Amino acid sequence: MPAVREATAADLDAICALGATVNAIHHEAWPHVFAPAAPAHRDRAHWARFIASGHATTFVAVDARDVLGYAVVGLVEESHGLLQPLRFGRIGSIGIAPSHQRLGLGRALMHAAETWAQARGAGEIRLEVWTFNVAAIALYAELGYAVRSHNMAKLLMPSA
């Protein structure tokens, strides 16, 4: 089983490439929401901020030479009149190289993210998954995640 560790700046190119793969899948399903393919380095600044942050981190699954998957997790604090004050972890993105899917890497990365958030006082962990991503939904359900709300949207036609 590949090792799971926190990412470093040296992992950034691999994370960008895996992130581009995840984005391509999302763009195919929802092209009006997700950007089309572009060189992987387009999102370098986006991924870099989750490596160097005090309130977030990225975990990578690695074998002897390659990054095979990543998971981004951050801490969120919510406190306002309508909700109970809560600190929670939020999975921002997770991606596994297609050649290494269904081998337990997603589970290992999710476990690392959950452990990281819990160690920082998070009372729960949340994520958003798109309805077309049936395999991810099944994994999250197996890991104990449950639907708590539905995020709905409607496309509006431009007015003439």
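For segment 1-18, backbone nitrogen atoms closer than 20 Å to the point 7 Å from GLN101 Cα along Cα-to-C-beta are found at 2, 14-18. For segment 92-160, GluC sites (Glu not before Pro) are listed when DSSP marks them as loop and at most 16 other Cβ atoms sit within 10 Å of their Cβ; the list is GLU128. Dipole size of segment 2-90 about its Cα centre, with +1 on Lys/Arg Cβ and -1 on Asp/Glu Cβ: approximately 140 debye, rounded to the nearest 20.
Within 10 Å of each candidate Cβ there may be at most 11 other Cβ atoms; applying that plus a DSSP loop requirement, which trypsin sites (Lys or Arg not before Pro) in segment 119-160 survive? Taking segment 119-160 and a limit of 11 other Cβ atoms within 10 Å, the loop trypsin sites (Lys or Arg not before Pro) found are ARG148, LYS154.
Have a look at ILE125, HIS46, PHE88 and report the one farthest towards the positive end of the charge dipole of segment 23-160, computed about the Cα centre with Cβ charges (Lys/Arg +1, Asp/Glu -1). Highest projection toward the positive end goes to HIS46.
Debye-formula intensities of segment 20-114, expressed as log10 I(q)/I(0) at q = 0.15, 0.19, 0.21, 0.23 Å⁻¹, are -0.72, -1.04, -1.16, -1.25 (one equal scatterer per alpha-carbon, no solvent).
Structural size metrics of the chain, computed from C-alpha coordinates, are Rg and Dmax of 16.5, 58 Å. Computed over neighbours whose Cβ is under 12 Å from that of PRO85, the net charge equals -1, Lys and Arg +1, Asp and Glu -1. Relative to its residue count, segment 46-98 spans a Cα convex hull of 105 Å³ per residue. Could you tell me the center-to-center distance, by alpha carbons, between segment 10-38 and segment 126-160 in angstrom? The two parts, judged by their Cα centres, are 17 Å apart.
Derived scalar couplings between HN and Hα for segment 132-141 equal 6, 8, 4, 5, 5, 4, 5, 4, 4, 4 Hz in order, rounded to whole Hz, by the Karplus curve 6.51 cos²θ - 1.76 cosθ + 1.60 (θ = phi - 60°), x for Gly and Pro. Rounded to whole Å, the principal axis extents of the Cα atoms in segment 105-160 read 53, 26, 18, largest first. Taken about its Cα centre, the chain carries a charge dipole of roughly 160 debye when the Cβ of each Lys and Arg holds +1 and the Cβ of each Asp and Glu holds -1. Using the Kirkwood radius over C-alpha pairs as Rh, can you work out the diffusion coefficient of segment 10-73 via Stokes-Einstein at 20 °C, viscosity 1.002 mPa s, in µm² per second? Rounded, D is 173 µm²/s. Count Lys and Arg as plus one, Asp and Glu as minus one, and take only other residues whose Cβ is under 14 Å from that of ALA52; the net charge is then 0. Ranked by solvent-accessible area (1.4 Å probe, protein heavy atoms only, all chains present), the residues VAL72, VAL22 order from largest to smallest as VAL22, VAL72.
The values are calculated or read from the model by the stated rules, or taken from the named source; none is laboratory data. A quick note: this is a predicted structure, and the numbers were derived from the prediction, not measured. As a convention, Cβ positions derive from the backbone with ideal geometry for all residues, glycine included, and neighbour counts pool all protein chains shown. Heavy atoms of the whole protein, side chains included, go into the accessibility calculation; ligands, DNA and RNA do not. Shrake-Rupley method; radii C 1.70, N 1.55, O 1.52, S 1.80 Å.
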